[in-house]
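The structure appears right after this line, and notes come after that.
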Amino acid sequence: MTAVLLKLKRANPVGWSADQWRSLASGVFFPALGLALFLLVWHAGAQQINTSLGTFPGPVQVLEQWNNLVEEQRQENERRHAFYERQEQRNAELLARNPDAEIRWREYRGRPTFFDQVVTSLVTVVSGFVLASAIAIPLGILIGLSQQVYRAINPLIQVFKPVSPLAWLPLVTLVVSAVYVSSDPMFSRSFLVSMITVTLCSLWPTLINTSVGVSNISKDLQNVSKVLRLNWVTHIRTIVIPSAIPMMFTGLRLSLGIAWMVLIAAEMLAQNPGLGKFVWDEFQNGSSDSLGRICVAVLVIGVIGFLLDRSMLLLQSWVNWDKNAIVR
Amino acid sequence: MNQKHLELTQVAIEFPTPRGPFCALQNVNLTIAKGEFVSLIGHSGCGKSTVLNIVAGLYQATTGGVLLNGREVDEPGPERAVVFQNHSLLPWLTTYQNVELAVKQVFRGRKTRAEMREWIEHNLELVHMSHALHKRPDEISGGMKQRVGIARALAMEPQVLLMDEPFGALDALTRAHLQDSLMEIQADLKNTVIMITHDVDEAVLLSDRIVMMTNGPSATIGEILEVKLPRPRNRIALADNAEYNHYRHQVLSFLYEKQRKVEELQPRRETAASDAGKDASGVDEPKARA
Ligand SMILES: Nc1ncnc2c1ncn2[C@@H]1O[C@H](COP(=O)(O)OP(=O)(O)O)[C@@H](O)[C@H]1O
Ligand SMILES: [Mg+2]
């Protein structure tokens, strides 16, 4: 490794400094090395495992399945396009014959593709997470500010925090079906069930971290606030929230991670549309391709989870006043 | 300078602790005239900060009380501005915004936007910080932060300026610099100032009176020394001044002879219980001086 670097340095084709080479090595070389090793082990290991659905898929088969899924999406797009074209043509003909004809526009209803499921899951997780944050941040601030509120709410937090999403799900399902009755619902019930389950499970880290952040505001800054006689709105805006932001984001990142994990589990269990359902359907399907397709789903779930976390980090570095804070 | 501006009468305070109430101060009586510069000196943990906090309204005296212009002090307020030992600037605001927060709060409805802006810049100018208006606290040195803290307090146009070891955490050179700045500003604005210090030279150089406190618990005022050195005072000229050295000697003798702190007799946890972290630089040894 060092020998290679030294050689590169001596040759120095692009005129980079040793530091730049080193950062290239740590930024590209080591991650690539890790990935290559993983693929190698996967490839070798997969061939040793024989399941009831055939050999466990290696990287090559999974890539194949990915291409299949992309192809399915392309075909589905074509079908949808053709459907709307036919419909438009039919309606135009109808109107030409009789201008007063009653025209009906139908939605295309195909089987949701893999990518439709990805979008569904993303929308659900973001909604659930936003709702959780909208509850957890103000409540966390309140708990952090008042010892009494903390005393009142802390036992509830401690009891509900460890509850698994699988336990919430039946309750949420029943409550949503009982309460959310509407002939023309704005949201589908399955969406609400998934979203509320996500909210219930991902609330806690943000709530707890925000309250800790708020209750640890430096005594001196509180005194500054008192000497200035800041009213409570200004106090919260200029002192409390900025102080608590680093902790708040720690909580938000944990919450988002939990939200994503919980969502997949909830979708699998409740058969609600989304990536979880895709995995479950493939599992039930049991074709020779299923394992490969599940592997694709697993990788996509991982990559999305990673990207969600990155976007939180980005938001954090954007919002956080402490630009020196090391965020990782 | 005889009118009673700030009056502490029979001030005593008890803190509830797990081992029963702890009487930190007792029988503190002090009258301060308008425009007077008073320093509080005493050993670490004797109760200097507590006195200041009571005047600031951050602590409530258990008995006795504080009158400012004949009105009782019962809550903190900007007419008694505080300069905290560790600057206490809001780290997420720039120098300018930190002062602005105070100015907006104090002069809301009394000054226009442009006037506020001018006033903020003027106060930062006073402490020689005009070059760093838009820097955040973590981008400036400790001395600069303390300057901004002073500017923020001055910008409130306080009737009394309270300073808790404002230069305690700074190196000697920066401290001397800030002391000179403070003397200039004081000569200009004639604020009433109470400053806590553990530095004997600082006390003699800056003060009209030095209030020396006995050791706690139940600390009180031991002696009050009037410093009649003419102003403006120059630290270099004063170094060989007999009168100046006489004052220094008096303070030193109070601290290290009359109120000698016998550490062996103080249970360790008592010092640990105080805000030891903040007061780590308290008076323990006489300052070596050439
Ligand atoms: N909030 C408090 N609760 C309990 N004890 C306190 C509190 N504040 C100060 N004390 C005690 O009062 C004494 C004086 O403290 P302080 O005024 O901070 O001393 P100084 O500023 O002179 O070093 C110390 O013994 C300290 O432990
Ligand atoms: Mg103190």
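The values are calculated or read from the model by the stated rules, or taken from the named source; none is laboratory data. The shown structure was predicted, so the numbers you read here are calculated from the model rather than taken from an experiment. All Cβ positions, even for glycine, are placed from backbone atoms using ideal geometry, and neighbour counts span all protein chains on display. Ligands, DNA and RNA are stripped out before the accessible areas are found, and what is left, the full protein with its side chains, is counted by its heavy atoms. Shrake-Rupley method; radii C 1.70, N 1.55, O 1.52, S 1.80 Å.
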*asked:* Along the charge dipole of the range B:83-157, pointing to its positive end and built from +1/-1 on Cβ of Lys, Arg, Asp and Glu, which listed residue (B:His87, B:Leu133, B:Met116) has its Cα farthest out?
replied: B:Met116
*GNM result for chain A, Cα springs below 10 Å: residue of A:Arg151, A:Arg74, A:Arg22 fluctuating most strongly*: A:Arg22
*For the range A:57-97, what is the charge dipole size about the Cα centre, in debye to the nearest 20, if Lys and Arg each add +1 at the Cβ and Asp and Glu each add -1 at the Cβ?*
240 debye
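Could you give me D for the range A:114-319, from Stokes-Einstein at 25 °C and 0.890 mPa s, where the hydrodynamic radius is the Kirkwood radius over C-alpha pairs? Units µm² s⁻¹, please.
Working: Rh = 18.6 Å.
Value of D from the Cα-based Kirkwood radius: 132 µm²/s.
Just subtract the alpha-carbon distance of A:Arg109 and A:Arg189 from 0.36 nm times their residue separation and send over the number in nm, one decimal. Don't skip to the end; give the middle numbers.
Details: separation 80, 0.36 × 80 = 28.80 nm, distance 1.81 nm.
Extra length available between A:Arg109 and A:Arg189 comes to 27.0 nm.
To the nearest 0.05, how large is the calculated FRET efficiency for A:Trp318 and A:Trp16 if R₀ is 45 Å and r is the Cβ-Cβ distance? Before the final figure, lay out each step's value.
Details: r = 30 Å, r/R0 = 0.66.
Given R0 = 45 Å and the Cβ-Cβ separation, E is 0.90.
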*Charge dipole of the protein assembly as shown about the Cα centre (unit charges at C-beta), most positive-ward option of A:Ile241, A:Pro155, A:Gly110*: A:Gly110
*Rounded to the nearest 500, what is the 222 nm mean residue ellipticity of chain A from helices alone, with -39500 (n - 2.57) per DSSP H run of 4+ residues and division by all residues?*
-25500 deg cm²/dmol
*Set of the range A:271-288 residues, backbone N closer than 13 Å to the point 7 Å along the Cα-Cβ line of A:Glu72*: A:274-288
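So for each of A:114-125, A:181-192 I average, over its residues, the number of other beta carbons within 10 Å; can you give me the resulting order with the highest mean first? Can you show the working numbers first?
Numbers: A:114-125: 20.1, A:181-192: 12.3.
Answer by packing, highest mean first, reads A:114-125, A:181-192.
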*Mind checking the full-extension length gain between A:Val163 and A:Phe306? Use 0.36 nm per residue of separation minus the Cα-Cα distance, one decimal, nm.*
49.0 nm
*Against the longest alpha carbon principal axis of chain B, how many degrees, from 0 to 90 and to the nearest 10, is the axis of helix B:142-155 turned?*
70 degrees
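For A:Gln222 and B:His128, FRET efficiency with R0 = 25 Å and r from the beta-carbon atoms, rounded to 0.05? Show your work: numbers first, answer last.
Numbers: r = 29 Å, r/R0 = 1.16.
FRET efficiency, B:His128 to A:Gln222: 0.30.
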*Take peptide A:228-240, look around each residue's Cβ out to 10 angstrom, count Cβ atoms belonging to other protein chains, and average those counts.*
3
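Please give the calculated 222 nm ellipticity per residue for chain B, where each DSSP H segment of at least 4 residues contributes -39500 (n - 2.57) and the sum is spread over every residue; nearest 500 deg cm²/dmol? The partial results should precede the final answer.
Values: 9 runs with 97 residues, N = 290.
Helix contribution divided over all residues of chain B: -10000 deg cm²/dmol.
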*So how tilted is helix B:242-253 from the main axis of chain B? Cα-based, degrees 0 to 90, rounded to 10.*
60 degrees
*Top to bottom by accessible area (1.4 Å), largest first, where do A:Val175, B:Val148 land?*
A:Val175, B:Val148
*asked:* With unit charges on the beta carbons (Lys and Arg positive, Asp and Glu negative) and the dipole taken about the Cα centre of the range B:25-107, which residue among B:Gly42, B:Ile54, B:Gly77 sits farthest to the positive side?
replied: B:Gly42
*So which helices of chain A fit the span-like rule, where a helix is a whole DSSP H run, its Cα atoms reach 30 Å or more along the axis, and its mean Kyte-Doolittle is at least 0.5?*
A:114-145, A:189-215, A:241-270, A:290-319
*Report, in debye and to the nearest 20, how large the dipole of the protein assembly as shown comes out about its Cα centre when Lys and Arg carry +1 and Asp and Glu carry -1 on their Cβ.*
280 debye
*When the dipole is taken about the Cα centre of chain A, and only Lys, Arg (+1) and Asp, Glu (-1) are charged at their Cβ, what size is it in debye, to the nearest 20?*
1240 debye
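Looking only at other chains, what is the average number of their beta-carbon atoms within 10 angstrom of each beta-carbon in A:219-225?
On the way: counts 5, 9, 5, 2, 7, 11, 4.
Averaged over the peptide's residues, the number is 6.
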